[in-house]
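The next block holds one structure in the form of structure tokens; read it before the comments.
The values are calculated or read from the model by the stated rules, or taken from the named source; none is laboratory data. Treat the numbers as computed from the prediction; the structure is a model and nothing was measured. With ideal geometry, Cβ positions are generated from the backbone for all residues, glycine too; neighbour counts draw on all protein chains shown.
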Amino acid sequence: MISPLPLVAALGRHALGLTAALGDYALFTAESFRSALRTRRLGRRFLRSIYEQGALCLPVILIVGAFTGLVLGLQGYYVLNRFGSQGLLGALVALSLVREMAPVLAALMLVGQAGSALAAELGIQRNSEQIVALETMGVNSHGYLVAPRLLAALVVFPLQTALFVAVGLWGGSISGSLLLGVEDGVYWSAVERAIEFADVRECFWKAATFGLLTMSVCAYYGFNAHRCHGATGARAVSTSTTRAVVLSSIVVLAADYVITSFLV
């Protein structure tokens, strides 16, 4: 008979490792916010982070938002047409975007561009010992490199999500009104009736939460690229960046479920 003790021991080691990693991540994030209060030239680096996460990611947000609205308009029309409720197309597109698709898809797009760039940049700085050099000169690396990115995410992610919603609604209008014959006034009237303040509040709560979680995860993996097991140098940077993007995407979906379960 095979003893279950080795399996239990392995599960215990993994559980302890996961708990230690979560604790280390929490301390990393807390230290980054605490260090922001004692960092010089925070405003300049904050504005640069807004540019990196906002302006540079604007094209992908516009493109994905437009096509999401176009697809929602097409699929929603054919679903509602079965029940003779084409007039509710605007409500379907609006609620789908505001409550779920806009914050989730916008966060995933920002992770793919801004998050991966952040993890790779910090990983290269760690690999080339630039972070060690900053700390040797007495500069708080958490406050100088990480805090501006986290603070910018709290601002940029809700704004990008709002833009995603606006472009998506416009895309749904094109599908419904111009291609499928739904009256433009009927579409926008349904949008206006469907969206309530609670829906907008949930959308922005999700966006801000996703921004904080994803950027902190990407920063954590890039900052600690030298601790990547089984990899060194450029391979450590690529591995840590890949893990950051994958885990951030999973965190977005998991956090979306948790927030939705509490706010619905």
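Remarks
- Of all residues in segment 39-70 being in contact (Cβ under 8 Å) with a residue 40 or more places away in the chain and hydroxyl-bearing (Ser, Thr, Tyr), the one that is farthest from Leu154 (Cα to Cα): Thr68
- The single residue among Ala117, Ala102 that is surrounded by 15 or more Cβ atoms within 10 Å (Cβ to Cβ), within 12 Å of the chain's Cα centre (by Cα) and under 30 Å from Val167 (Cβ atoms) turns out to be Ala102.
- Any chance Ser96 is in contact (Cβ under 8 Å) with a residue 40 or more places away in the chain and either touching a His at 6+ places or on another chain (Cβ under 9 Å) or among the hydroxyl-bearing types (Ser, Thr, Tyr) (or both): no
- Residues within segment 1-52 that are assigned to a helix (DSSP H, G or I), of a type in the set (Val, Ile, Thr) and surrounded by 13 or more Cβ atoms within 10 Å (Cβ to Cβ), tallied: 2
- Within segment 121-131, tally of residues that are closer than 30 Å to Val64 by Cα and either without any contact (Cβ under 8 Å) to a residue 40 or more places away in the chain or buried (at least 21 other Cβ atoms within 10 Å of the Cβ) (or both): 2
- Take the conditions (1) surrounded by fewer than 24 Cβ atoms within 10 Å (Cβ to Cβ); (2) closer than 18 Å to Gly69 by Cβ; Leu89 misses just one of them, which is (1).
- Count - residues of segment 171-185 that are surrounded by fewer than 16 Cβ atoms within 10 Å (Cβ to Cβ), assigned to a helix (DSSP H, G or I) and of a type outside the set (A, V, I, L, M): 2
- Qualifying residue in segment 72-81 (condition: of a type in the set (A, V, I, L, M, F, W, C) and either outside any helix (DSSP H, G or I) or in contact (Cβ under 8 Å) with a residue 40 or more places away in the chain (or both)): yes
- Yes/no for Ala225 being buried (at least 21 other Cβ atoms within 10 Å of the Cβ) and closer than 24 Å to Ile63 by Cα: no
- Residue within segment 189-206 that is closer than 23 Å to Leu154 by Cβ and of a type in the set (Ser, Thr, Tyr) present: no
- Residue match in segment 196-206 (condition: at pLDDT below 90, among the basic types (Lys, Arg) and either in contact with a Gly (Cβ under 9 Å, 6 or more places away or on another chain) or surrounded by fewer than 22 Cβ atoms within 10 Å (Cβ to Cβ) (or both)): no
- Taken over segment 132-147, residues that are surrounded by 13 or more Cβ atoms within 10 Å (Cβ to Cβ), free of Cβ contacts under 8 Å to residues at least 60 places away in the same chain and not in a helix (DSSP H, G or I) amount to 1.
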